[in-house]
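Q: Sharing a structure below in structure tokens format, with a few things to ask.
The values are calculated or read from the model by the stated rules, or taken from the named source; none is laboratory data. Quick caveat, the model's predicted, so the values are computed rather than measured. Cβ placement follows ideal geometry from the backbone for every residue including glycine, while neighbour counts extend to all protein chains displayed. The area values use the complete protein model at the heavy-atom level, side chains included, leaving out ligands, DNA and RNA. Shrake-Rupley method; radii C 1.70, N 1.55, O 1.52, S 1.80 Å.
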Amino acid sequence: MSEICAAFDEIAGLREKNAITLKVAKDRGRKVVGTYCLFSPVELIVAAGAIPVSLCGTSPTPIPAAEKVLPRSLCPLIKSSYGFALTDTCPFFHFSDLLLAETTCDGKKKMYELLGEMKPLHLMQLPQVQDEAALEYWVLELKRLIGRLEEAFDVKITPEKLAAAILLLNEERRSLKALQDLQKRKPAPISGMDLLTVLHNRGFTVDKREAIDLIDRLTAELTELSEQGISPFTLKTPRILLTGVPVGIGSDKVVRLVEELGGSVVCFESCGAYKKVDPVQPGKDLLRSIAQKYLRVPCSCMSPNKGRLQLLEELVREFEADGVIDLTWQGCHTYNVESFTVKRHLQETVQVPFLQIETDYSESDTEQLKVRIEAFLELIGTRRGGRP
Amino acid sequence: MVAAGIDIGSTGTKAVIFDGEIRASVVVPTGWDPKAAGLEAYRQALECAGIEADEVQSIVGTGYGRVSLPIFDRKVTEITCHARGAHFLYPETRSVIDIGGQDSKVISVDAQGRVAEFAMNDKCAAGTGRFLQVMAGVLDVSLEQLGQLAVGATPVPISSMCAVFAESEVIGLLARGTDKGSIAAGIFHSIAGRIQGLAGKVSLSHRVTFSGGVALNRELCRAIGTSLGVDMCVPQAPQMVGALGAAILGYEA
């Protein structure tokens with residue numbers, strides 16, 4: 001990838017570079033707010049003049065340290081996030097002045113109690129239903145966050161700053177959507193692993209404007225390559241849509257295996273990817289508009305979570321996916337249970353082959369996963385009339 | 001057209017020669033060297049069929065060891081192969097339960113013998129041949145004897161699915177004087193329960209084929225059939241179904 005695409009190369013090196021940029025910004029007096037989840041209303045952080053950064057939680061490395069405190073059977077994402085904090089190996093956690101967290105799943109909210117002992121942490125009480133009453137409550141939670149940010153950083157969040165933040169973040173969503181929509185082309189211009197690298201590293205950027213420009217440049221370069229017919233895949237490559245739990249670099253085993261075994265991950269429905277591109281629809285009441293956007297995130301912690309079924313159905317059609325893989329982490333009850341509903345819904349609507357994979361960050365089941373994923377790709381091949 | 005299928009499993013390596021009919025079918029232990037086992041099974045199968053290697057036009061490999069042999073024209077997963085092999089033996093079959101040495105699978109098959117969907121056990125020996133081996137070891141009997149012990153016995157509940165925990169549970173039962181027959185029957189019920197859980201994930205038809213080496217154990221076949229409420233078709237040589245499917249896939253290509 002890197003030899004033919006300069007923008008990709010630049011993004012691949014972002015994580016290391018950004019840790020340094022962040023330190024420089026800190027030294028100049030900028031405040032940093034670390035986030036873990038797509039439910040964090042980043043507009044408020046930006047409007048407070050602080051730098052929002054994603055915190056590490058996708059590597060297996062700090063899990064043994066976390067298991068000294070947390071149960072082994074807990075989901076690897078929670079253990080990794082906590083382990084990074086405990087071992088002080090995530091530079092972004094290290095430089096954070098405040099952590100922003102939400103009551104999403106049970107494992108996370110109890111872990112946040114422990115995390116709050118290490119750093120100032122603001123916990124937002126996220127409603128788990130998406131109706132009017134929940135929205136009223138969520139607006140109050142946003143107001144409470146504004147209070148905390150204003151007090152902690154001695155700033156005033158004005159409507160003007162809020163409007164500017166909405167514009168900037170919608171612009172970011174636009175650029176991320178354009179990049180991912182490129183994968184609707186046949187064959188997809190970029191591998192799922194490369195796309196994941198871009199989406200993952202982008203989360204650690206300090207200057208949003210700069211990151212948006214970089215993503216736009218990448219999209220332009222990839223469009224050009226695709227027009228020239230350059231792609232790592234062929235028209236025969238099975239197109240896979242990956243849904244389920246968050247994935248990133250370090251927890252990319254399933255993406256890697258799918259592509260090693262001859263598939264192409266064309267779309268990630270997960271929260272770091274396509275769930276993220278839904279913009280704020282600014283109305284008269286800006287705070288309410290922001291609250292609406294975040295409350296409609298189709299995460300499995302919501303009950304019911306019809307939005308995910310609808311989004312998946314649309315994405316399968318738009319990306320012309322040949323198969324859906326639902327990745328669920330061990331110990332992630334909400335996604336594991338919801339897998340049944342997702343499978344049934346897809347069978348009743350788009351009738352696309354479906355495979356659930358329950359695993360963790362370790363490599364211990366790689367051989368087993370290979371058999372399953374390869375058989376799944378064979379199944380897709382025979383459905384299209386080819387030989388297995 | 002003569003085709004060969006070689007299935008290198010964790011315990012046994014199987015080879016089938018097929019030319020529209022099964023010409024030879026051979027099993028050798030996999031041992032520590034899957035490559036040598038694959039070549040040996042193939043050599044024996046050729047000898048048994050009375051044909052020369054250059055008469056074989058297609059060699060398809062399957063099973064965990066399929067990556068280790070350079071002679072394969074093609075490699076196909078055991079899931080696809082078991083489906084195809086079961087369809088050849090029982091064209092009306094729509095589900096296959098395959099229990100091998102280190103994993104168990106439930107496969108749903110369409111009218112053409114193609115995989116519609118499948119479920120596979122997680123990274124653990126529960127409900128696999130390995131589990132049976134460990135249990136037979138604790139009772140100090142062979143796998144065949146384990147089957148005979150269970151005939152007519154009332155199963156004692158064995159709650160642990162994990163091979164390690166079940167081992168301690170069985171040792172406890174023996175210490176309390178529970179007879180071996182009831183324990184053997186209990187072990188089969190435990191595996192049947194595990195397969196039932198797996199079968200719940202794919203649509204299971206009433207035409208079920210039981211394949212894989214574990215299906216050699218008739219008592220276990222009965223226990224699983226009863227717990228699922230289905231009649232099971234058990235081939236004469238259930239452990240050969242994967243290799244047979246591999247050979248057929250090569251023959252048809």
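Q: If you check B:GLY101, B:GLY85, B:GLY63, which single one turns out to be among the small types (Gly, Ala, Ser), in contact with a strand residue (DSSP E or B) (Cβ under 8 Å, 6 or more places away or on another chain) and within 11 Å of chain A (Cβ to nearest Cβ)? Walk me through how you get there before you give the answer.
A: Numbers: B:GLY101 fails: within 11 Å of chain A (Cβ to nearest Cβ); B:GLY85 fails: within 11 Å of chain A (Cβ to nearest Cβ).
Exactly one residue qualifies, and that residue is B:GLY63.
Q: Under 6 Å between Cβ atoms, which residue pairs at least 6 apart in sequence (or on different chains) link something in the stretch B:173-201 that is more than 23 Å from B:ASP98 (Cβ to Cβ) with a partner that is open to solvent by 20 Å² or more (accessible area, probe 1.4 Å) and assigned to a helix (DSSP H, G or I)?
A: Once the first residue is more than 23 Å from B:ASP98 (Cβ to Cβ) and sits in the stretch B:173-201, its partners that are open to solvent by 20 Å² or more (accessible area, probe 1.4 Å) and assigned to a helix (DSSP H, G or I) give B:LYS180/B:LEU149; B:GLY181/B:LEU149.
Q: Taking interchain pairs and intrachain pairs at least six residues apart, which have beta carbon atoms under 9 angstrom, with the first residue in the stretch A:277-292 and modelled with pLDDT of 95 or more and the second open to solvent by less than 70 Å² (accessible area, probe 1.4 Å) and among the basic types (Lys, Arg)?
A: Within 9 Å, the pairs are A:VAL277/A:ARG173; A:ASP278/A:ARG173; A:ASP278/A:LYS293; A:PRO279/A:ARG173; A:PRO279/A:LYS293; A:VAL280/A:ARG173; A:VAL280/A:LYS293; A:GLN281/A:LYS293.
Q: Out of the stretch B:152-169, which residues are surrounded by 13 or more Cβ atoms within 10 Å (Cβ to Cβ) and of a type in the set (A, V, I, L, M, F, W, C)? Walk me through how you get there before you give the answer.
A: As a first pass, look at the stretch B:152-169 and keep what is surrounded by 13 or more Cβ atoms within 10 Å (Cβ to Cβ): B:153, B:155-156, B:158, B:160-163, B:165-167, B:169.
The answer is B:ALA153, B:VAL156, B:ILE158, B:MET161, B:CYS162, B:ALA163, B:PHE165, B:ALA166.
Q: Another one. Here are the criteria: (1) closer than 30 Å to A:SER362 by Cα; (2) touching a strand residue (DSSP E or B) at 6+ places or on another chain (Cβ under 7 Å); (3) modelled with pLDDT of 90 or more; (4) surrounded by 21 or more Cβ atoms within 10 Å (Cβ to Cβ). Tell me which single one B:GLY129 does not satisfy.
A: (3)
Q: Being at positive phi and more than 11 Å from chain A (Cβ to nearest Cβ): is that true of B:GLY38 here?
A: On the way: at positive phi: no; more than 11 Å from chain A (Cβ to nearest Cβ): yes.
No, not satisfied.
Q: Looking only at residues that are more than 9 Å from chain A (Cβ to nearest Cβ) and at pLDDT below 85 in the stretch B:104-126, which one is farthest from the chain's Cα centre (by Cα)?
A: Within the stretch B:104-126, the match that is farthest from the chain's Cα centre (by Cα) is B:CYS124.
Q: Kindly list the number of the only condition in (1) surrounded by fewer than 22 Cβ atoms within 10 Å (Cβ to Cβ); (2) farther than 15 Å from A:VAL297 by Cα; (3) not acidic (Asp, Glu) that fails for A:SER264.
A: It is condition (1) that A:SER264 fails.
Q: I would also like to ask the following. Of the numbered conditions (1) on the phi > 0 side of the Ramachandran plot; (2) within 14 Å of another protein chain (Cβ to nearest Cβ), A:GLY381 satisfies every one except a single condition; which is it?
A: In the conditions (1) on the phi > 0 side of the Ramachandran plot; (2) within 14 Å of another protein chain (Cβ to nearest Cβ), A:GLY381 misses (1) alone.
Q: Would you check if B:LYS14 is open to solvent by 10 Å² or more (accessible area, probe 1.4 Å) and outside any helix (DSSP H, G or I)?
A: Values: open to solvent by 10 Å² or more (accessible area, probe 1.4 Å): yes; outside any helix (DSSP H, G or I): yes.
For B:LYS14, the condition - open to solvent by 10 Å² or more (accessible area, probe 1.4 Å) and outside any helix (DSSP H, G or I) - is met.
Q: Taking the stated definitions as given, is A:LEU140 assigned to a helix (DSSP H, G or I) and hydrophobic (A, V, I, L, M, F, W, C)? Don't jump to the end; show me each part of the working.
A: Working: assigned to a helix (DSSP H, G or I): yes; hydrophobic (A, V, I, L, M, F, W, C): yes.
Yes; evaluated as a whole, the condition is true for this residue.
Q: Restricting attention to the stretch B:206-221, which residues are under 19 Å from B:CYS81 (Cα atoms) and touching a strand residue (DSSP E or B) at 6+ places or on another chain (Cβ under 9 Å)?
A: The answer is B:ARG207, B:VAL208, B:THR209, B:PHE210, B:SER211, B:GLY212, B:GLY213, B:VAL214, B:ALA215.
Q: List the residue pairs whose Cβ atoms are under 7 Å apart, where the first residue sits in the stretch A:158-176 and is farther than 20 Å from A:ILE146 by Cα, the second is in a helix (DSSP H, G or I) and open to solvent by 20 Å² or more (accessible area, probe 1.4 Å), and the two are 6 or more positions apart or on different chains.
A: As it stands, the answer is A:GLU172/A:LYS208; A:ARG173/A:LYS276; A:SER175/A:ASP216; A:LEU176/A:LYS276, since those pairs meet every condition given.
Q: Would you check which residues across the stretch A:358-378 are touching a residue at least 60 places away in the same chain (Cβ under 8 Å), at the interface with another protein chain (Cβ under 10 Å from one of its Cβ atoms) and either open to solvent by less than 20 Å² (accessible area, probe 1.4 Å) or closer than 22 Å to B:THR62 by Cα (or both) and list them? I'd like the intermediate steps shown before the answer.
A: Restricting attention to the stretch A:358-378, the residues satisfying the condition of being touching a residue at least 60 places away in the same chain (Cβ under 8 Å) are A:359-363, A:366, A:369-370, A:373-374, A:377.
Right, trim to at the interface with another protein chain (Cβ under 10 Å from one of its Cβ atoms) and you get A:359-360, A:362, A:366, A:369-370, A:373-374, A:377.
A:THR359, A:THR366, A:LEU369, A:LYS370, A:ILE373, A:GLU374, A:LEU377, listed by residue number.
Q: Let me ask something else. Does A:ASP278 qualify as being among the charged types (D, E, K, R) and either open to solvent by 20 Å² or more (accessible area, probe 1.4 Å) or within 17 Å of the chain's Cα centre (by Cα) (or both)?
A: Working: among the charged types (D, E, K, R): yes; either open to solvent by 20 Å² or more (accessible area, probe 1.4 Å) or within 17 Å of the chain's Cα centre (by Cα) (or both): yes.
So A:ASP278 passes the test.
Q: Filter the stretch B:173-224 down to residues that are over 30 Å from A:PRO353 (Cα atoms) and of a type in the set (Ser, Thr, Tyr) and give me whichever is surrounded by the fewest Cβ atoms within 10 Å (Cβ to Cβ).
A: The residue in question is B:THR178.
Q: Here's a follow-up. Residues that are more than 9 Å from chain B (Cβ to nearest Cβ), in a helix (DSSP H, G or I), within 24 Å of the chain's Cα centre (by Cα) and surrounded by 14 or more Cβ atoms within 10 Å (Cβ to Cβ): does the stretch A:324-333 have at least one?
A: Going residue by residue through the stretch A:324-333, those that are more than 9 Å from chain B (Cβ to nearest Cβ) are A:324-329, A:331-333.
Subsequent filtering for residues that are in a helix (DSSP H, G or I) retains A:333.
Going one step further and asking which of them are within 24 Å of the chain's Cα centre (by Cα), we end up with A:333.
Add one more test, that the residue is surrounded by 14 or more Cβ atoms within 10 Å (Cβ to Cβ), and what stays is A:333.
Yes, some residue in the stretch A:324-333 is more than 9 Å from chain B (Cβ to nearest Cβ), in a helix (DSSP H, G or I), within 24 Å of the chain's Cα centre (by Cα) and surrounded by 14 or more Cβ atoms within 10 Å (Cβ to Cβ).
Q: Out of (1) under 15 Å from the mean Cα position of the chain (by Cα); (2) open to solvent by less than 20 Å² (accessible area, probe 1.4 Å), what's the single condition that is false for A:GLY272?
A: Single failed check for A:GLY272: (2).
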